[in-house]
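Chemist: Following this message is one structure expressed as structure tokens.
The values are calculated or read from the model by the stated rules, or taken from the named source; none is laboratory data. Note that the structure is a prediction, hence the values are computed from the model and not measured. Every residue, glycine as well, gets a Cβ built from its backbone with ideal geometry; the counts of neighbours run over all protein chains shown.
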Amino acid sequence: MKSVLISNLRKNFEEQVNNSEGIEFWFARNLQFLLGYAKWENFHLVIEKAKVACKNSGQIISNHFPEVRKTIAMPKCATREVEDYKLTRYACYLIAQNGDPRKEEIAFAQSYFAVQTRKQEIIEQRIALQERFEARNKLISSETELSKLIYERGVDDVGFARIRSKGDEALFGGNDTKQMKITLNIPRNRSMADFLPTVTIAAKNLATEITNFNVKQNDLHGEIKISGEHVKNNKEMRTVLTKNHIFPETLPPEEDILKCVRFRIY
């Protein structure tokens, strides 16, 4: 019998989910009955406790408990407007945590929303990792092109390393590649980009893409001219970042991207 109850509860919870702009939500007045509360007044007390928990966790209450008005039917064809909430999954989880633990529905909801919240966290982590993979691959491509371009214009591999390091120095506020590897505790034989956050990788890539374009467009030759071009572009990327209060040299390193391969999404 208990398995039947759990099965029915899961079905009811999933049938009540709504969607607005890609965000799942539950109406509080629907959730009220799913959690075994007959009176709105009693359930509203639980919502208020959940709001306090939301605030204490550092979240913005209105992001998870936005108030709405709902029209309900009354006797003799009358209607009445009542308050309601569009609850996020996190809000539902907090409500379940603050509900009456003697209710079987509450016990189920605590487990259900904890699992669903964790699933969403994993999905978001994998999406973020995929974005980082894509940014890293774009940087590999643009740096490969730059290497070929400058080789054709009289710069060897050692010169390319110097150009790239000077670009890093411009982007990272005076810290060249070697210094940043020490700061971020990155092995000397590894590419620094494998440990950088997506925003920094994207900035490095855009600077390199602009360098590639201008080297071809302006037919630049020699290490000095190409290095000057690359430094200029990285300085411009740093200006954009710092105007948005992003200082790439202060951002913590990400996990080694090569160790994250098993999480890659296709």
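Chemist: Does Q179 satisfy being among the polar types (S, T, N, Q) and not assigned by TED's automatic domain parsing to the domain that holds T208? First the steps, then the outcome.
Modeler: On the way: among the polar types (S, T, N, Q): yes; not assigned by TED's automatic domain parsing to the domain that holds T208: no.
So Q179 does not fit the description; no.
Chemist: Now for a different question. Identify the residue in segment 82-129 that is under 21 Å from the mean Cα position of the chain (by Cα) and of a type in the set (F, W, Y) and, among all such residues, is surrounded by the most Cβ atoms within 10 Å (Cβ to Cβ).
Modeler: The qualifying residue surrounded by the most Cβ atoms within 10 Å (Cβ to Cβ) is Y93.
Chemist: Turning to a different aspect of this structure: Please find, among N214, N218, N185, the residue that is assigned by TED's automatic domain parsing to the domain that holds R153 and free of Cβ contacts under 8 Å to residues at least 12 places away in the same chain.
Modeler: Details: N214 fails: free of Cβ contacts under 8 Å to residues at least 12 places away in the same chain; N185 fails: free of Cβ contacts under 8 Å to residues at least 12 places away in the same chain.
Going through N214, N218, N185 in turn, the sole match is N218.
Listed here are the residues, each with its yes/no results for (1) at pLDDT below 85; (2) under 19 Å from N42 (Cα atoms); (3) assigned to a strand (DSSP E or B); (4) assigned by TED's automatic domain parsing to the domain that holds L196.
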{"position": "G58", "(1), (2), (3), (4)": "no, no, no, no"}
{"position": "R69", "(1), (2), (3), (4)": "yes, yes, yes, no"}
{"position": "K76", "(1), (2), (3), (4)": "yes, no, no, no"}
{"position": "Y93", "(1), (2), (3), (4)": "no, yes, no, no"}
{"position": "S111", "(1), (2), (3), (4)": "yes, no, no, no"}
{"position": "R118", "(1), (2), (3), (4)": "yes, no, no, no"}
{"position": "E121", "(1), (2), (3), (4)": "yes, no, no, no"}
{"position": "E134", "(1), (2), (3), (4)": "no, no, no, yes"}
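Chemist: Could you check segment 162-188 and list, in sequence order, the residues that are surrounded by fewer than 13 Cβ atoms within 10 Å (Cβ to Cβ) and aliphatic (A, V, I, L, M)?
Modeler: Matches in segment 162-188: I182 only.
Chemist: Restricting to segment 46-70, name every residue that is β-branched (V, I, T) and in contact with a helix residue (DSSP H, G or I) (Cβ under 7 Å, 6 or more places away or on another chain). Spell out the reasoning first.
Modeler: Of segment 46-70, the ones β-branched (V, I, T) are 46-47, 52, 60-61, 68.
Residues satisfying the conditions are V46, I47, I61.
Chemist: Moving on to the next point. In segment 149-161, which residues are surrounded by 12 or more Cβ atoms within 10 Å (Cβ to Cβ) and either of a type outside the set (A, V, I, L, M, F, W, C) or assigned to a helix (DSSP H, G or I) (or both)? I'd like the intermediate steps shown before the answer.
Modeler: Filtering segment 149-161 for residues surrounded by 12 or more Cβ atoms within 10 Å (Cβ to Cβ) gives 149-151, 153, 155, 159-161.
L149, I150, Y151, R153, G159, F160, A161, listed by residue number.
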